[in-house]
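A short worksheet on the structure shown next.
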């Protein structure tokens, strides 16, 4: 006998081994009727849940349209893993740009004016990949990497020295310089110790001296102090 028959004491009833000939019912009519009612009820509940979720989404959904010449930001998530935009993982950019729209393609697509570093990407994008640029049109997010230290903090670098002053304390005077920083949160200018800045960034003072000499400012005193 088959293992199924030896285990359960009866033959396995499958459509391929029925040995009885003649019409038969697979289930009782009452079972079929009850099952159909449950199926209708389940479908009604699924539709109600679908309509409820759709109403939540429709409150914030609106038709987005742009005009030729508008500045937009480009969503880069479709190309993650294919093209590297700055850093990987959490530090990867979500939006890059802004880029100018040069043509509308159909009803839901636009062609952008892309820079040379993005020449490997097709210039036509669906409207879902675009976001309206709300920042200054002159602002631009470059594709160059921002230097990050081991603590995942980006490095702030000084750009130039704007001014100088002497801060008087009780027993001494401290020479300070007004420094303009790059990639700094909040105000991009701070007052720093001149001695510390000379030690860390001596090239800034060389640039400052050249600029003041070009304007006709005379430099006197020890260590080229004004």
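Throughout, read-outs are computed from the coordinates displayed, never taken from laboratory work. These numbers were taken from a predicted model, which means no experiment stands behind them. Every residue, glycine among them, receives a Cβ derived from its backbone with ideal geometry; neighbour counts consider all protein chains shown.
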(message) Using Cβ counts within 10 Å as a stand-in for footprinting exposure, how do 107, 75, 47 rank, fewest first?
(response) 107, 47, 75
(request) Can you put 163, 70 in order of Cβ neighbours within 10 angstrom, beginning with the fewest? (result) 163, 70
(message) As a footprinting exposure proxy, order 66, 99 by other Cβ within 10 Å, with the fewest listed first.
(response) 66, 99
(request) Would you mind computing, in nm to one decimal, how far apart the modelled labels at residue 123 and residue 8 are, each placed 7 Å from Cα along Cα→Cβ? (result) 6.9
(request) Would you kindly state how much longer the chain becomes between residue 33 and residue 201 on full extension, computed as 0.36 nm times their sequence separation minus their alpha carbon distance, in nm to one decimal? (result) 51.9 nm
(message) If I model a spin label as a point 7 Å beyond the Cα along the Cα-Cβ vector, how far apart are those points for residue 113 and residue 168 in nm?
(response) 5.6
(message) Starting from the 7 Å offset along Cα-to-Cβ, what nm value, one decimal, do you get for the label separation of residue 47 and residue 131?
(response) 3.8
